[in-house]
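Trainee: Please read through the structure below; I'll follow up with questions.
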Amino acid sequence: MKKGFTLIEILVVIAIIASIIAMAIPNYLSARQRAQDIKTKSEMVQLKNALLLYYNDYNKYPPSAAPGKLMGCGAAGTAICDRTVCATVDFAAGGTGCDNIYMKQLPTGLGSSILYTRTLSGDDFCLRVVLNNKSDTDSTASQNRCATSCGASCPVVAGSGRYCVCAD
């Protein structure tokens, strides 16, 4: 008597394994997207806190330079923020240019995926990003919260995935 598996048994096991993998991959990819969105939202809150510290020192938010860039660094708080002002800090101003450190490292998406704009009066700002998960409930809530300060840069559109942060 021969021992082993028939071709049908092997094909059934392969089909079961393929079904399990087919169900697991979308969940894994979705979890990665949600994790990336959580990281992005956290970076935006950290940048908001840095901007609030800047506002405490200068009584206005830094102007936006090129799309998404900040102009709030250096001794006078008016230089474009990058590592040319301070070798180890992205967002610092005052004194020698590095006396008041607001944020050691700006979010990597600032200027590309994260857009920064300041209101004309300098009393408010808007940070906007499009999240991977378009059905994120935080995005619509953030649009409603920042509708006045962000205006056209972050209109209220449910399901768009736009996430906005403003001075509140």
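Trainee: Report, in degrees rounded to the nearest 10, the 0 to 90 angle that the Cα long axis of helix 7-58 makes with the longest principal axis of the chain.
Mentor: Tilt of helix 7-58: around 10 degrees.
Trainee: How charged is the neighbourhood of residue 85? Take every other residue with its Cβ under 13 Å from the Cβ of residue 85, and add Lys/Arg as +1 and Asp/Glu as -1.
Mentor: After counting each charged neighbour, the total is 0.
Trainee: For residue 125, which sequence-distant residues (separation of 5 or more, or a different chain) have an amide H within less than 5 Å of its own amide H, given hydrogens modelled in the peptide plane?
Mentor: Long-range HN contacts for residue 125: 119, 167.
Trainee: Starting from the Cα of residue 48, draw a straight line to each of the aspartates and glutamates and keep only those under 14 Å, dropping any in the same chain fewer than 8 residues away.
Mentor: Partners within reach: 123, 124, 168.
Trainee: Here is a further query. Net charge near residue 60: determine it from the other residues with C-beta under 12 Å of the C-beta of residue 60, scoring Lys and Arg +1 and Asp and Glu -1.
Mentor: Computed value for this residue: -2.
Trainee: How much net charge surrounds residue 116 when only other residues with a Cβ under 9 Å from its Cβ are counted (Lys, Arg +1; Asp, Glu -1)?
Mentor: Computed value for this residue: +3.
Trainee: What area, in nm² and to one decimal, does the C-alpha convex hull of the range 41-166 cast on average over all directions?
Mentor: Projected over every direction and averaged, the Cα hull of the range 41-166 covers 7.0 nm².
Trainee: Next question, about the same structure. Under 18 Å from the Cα of residue 134, which lysines turn up, not counting those fewer than eight places away in the same chain?
Mentor: 39, 41
Trainee: If the label point is 7 Å along Cα→Cβ of residue 33, which residues in the range 122-166 have backbone nitrogen under 16 Å from it?
Mentor: Hits in the range 122-166 for residue 33 at 16 Å: 130-140, 159-163.
Here, each number is a calculation from the coordinates, and none is a lab measurement. In this text the structure is predicted, and so the values were computed from the model without any measurement. We place every Cβ from the backbone using ideal geometry, glycine too, and count neighbours over all the protein chains shown.
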